[in-house]
Amino acid sequence: MFRRGDVFDNPVTGERATIRLGTRETMGERLIVDLELRGTGFGSALHLHPSIRERLTVVNGRVGVSVDGVASVAELGKTIDIAPGVPHRFWNAGVYEAKLRIEIRPANRFEAYKFEAFMRNMIGLAQDGKTNVKGMPNLLQLAITATEFGDVIQFLSPPRFMQKILFPMLAPIARLSGYRSSYNEYVFRSPSQRVESEVKMHVLKRS
């Protein structure tokens, strides 16, 4: 489980996620993450959460946000609430590093742990060089990952109607090719670093 002070680096997108309040401390009721967006233009792919509520707060820099097709630039201190089922994405809209505080409220504990497993898989794939330059896996991997975690997150590219037709056909091919929907080595991989101070959150210790 995510615990306070865990730090996860995505070497492809340049994102760094620091857990401020983990599923371990809340028993899956909440997850609060400080997400550093280091590369200009980099951020999340367009997606939605069927039943998870999300709150984004800009801690540093300027963050581009698209919510239900409406794009804007959020400045320091701006908070955006995203309801379940609403398509959204965010990215660094400034020249320098931006930071978001993301609060996740799953509908239940099972969703919390499953969403955590999804995040760990995506980070692990990126760390092992198995994604494109935007941090997304190839089509075969995406087909079985999206199917496995579709109850907690849904990507909107390819379009959903194409996914419903294409992914069930690709999933058996992906499995025969050695792909898995989730990898234990990623789910249980140690964080990139640990934050020693829970208050100042700046003294780092290598795992």
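Since every read-out is calculated from the coordinates, none of them should be taken as a lab result. It should be emphasised that the depicted structure is a prediction, and the values quoted were computed from it without experimental measurement. Neighbour counts run over all protein chains shown; Cβ positions are idealised from the backbone, glycine included.
With a ≥ b ≥ c the root eigenvalues of the C-alpha gyration tensor of the stretch 83-207, is it rounded (a/c under 1.5), prolate (a/b larger than b/c) or oblate?
Judged from the Cα gyration tensor, the stretch 83-207 comes out prolate (a/c at least 1.5, a/b above b/c).
How would you classify the stretch 133-174 from its alpha-carbon gyration tensor, with a ≥ b ≥ c the square roots of the eigenvalues: rounded for a/c under 1.5, else prolate if a/b is greater than b/c, otherwise oblate?
Verdict is rounded for the stretch 133-174.
Let me have the 222 nm mean residue ellipticity of the chain computed from DSSP H runs of 4+ only, each contributing -39500 (n - 2.57), with the sum over all residues rounded to the nearest 500.
Helix contribution divided over all residues of the chain: -8000 deg cm²/dmol.
May I ask which residue of ALA117, VAL58, ILE82 lies farthest towards the positive end of the charge dipole of the chain, with charges of +1 (Lys, Arg) and -1 (Asp, Glu) on Cβ and the Cα centre as origin?
So the residue we want is ALA117.
At a 10 angstrom cut-off on C-beta neighbours, averaged per residue, how do the peptides 118-126, 164-172 rank from highest to lowest?
The peptides rank, most packed first, as 118-126, 164-172.
Give me the net charge for the shell around ARG55: Cβ to Cβ below 9 angstrom, other residues only, Lys and Arg +1, Asp and Glu -1.
For residues surrounding ARG55, the net value is 0.
Between rounded, prolate and oblate, where does the stretch 8-129 land on the alpha carbon gyration tensor, with a ≥ b ≥ c its root eigenvalues, rounded for a/c under 1.5, else prolate if a/b exceeds b/c?
Oblate, because a/c is 1.5 or more while a/b does not exceed b/c.
Can you work out the FRET efficiency for the pair ARG38 and ASP151, with r the C-beta to C-beta distance and R0 = 41 Å, to the nearest 0.05?
Efficiency at R0 = 41 Å is approximately 0.85.
Could you work out the relative contact order of the chain? I mean the mean sequence separation of Cα pairs under 8 Å and 6+ apart, divided by the number of residues, in percent.
Relative contact order here is 23 percent.
Going by average Cβ neighbours within 10 Å, how do the peptides 46-59, 8-21 rank, with the highest at the top?
Put in order of decreasing packing, that is 8-21, 46-59.
For ILE173 paired with ASP68, estimate the spin-label separation in nm (one decimal), with each label point 7 Å from Cα along the Cα-to-Cβ line.
Spacing of the two 7 Å Cα→Cβ label points: 3.7 nm.
Compute the length gained on full extension between ASP81 and ASN108: take 0.36 nm times their separation in residues and subtract their Cα-Cα distance, giving the result in nm to one decimal.
Fully extending the segment from ASP81 to ASN108 adds 7.9 nm.
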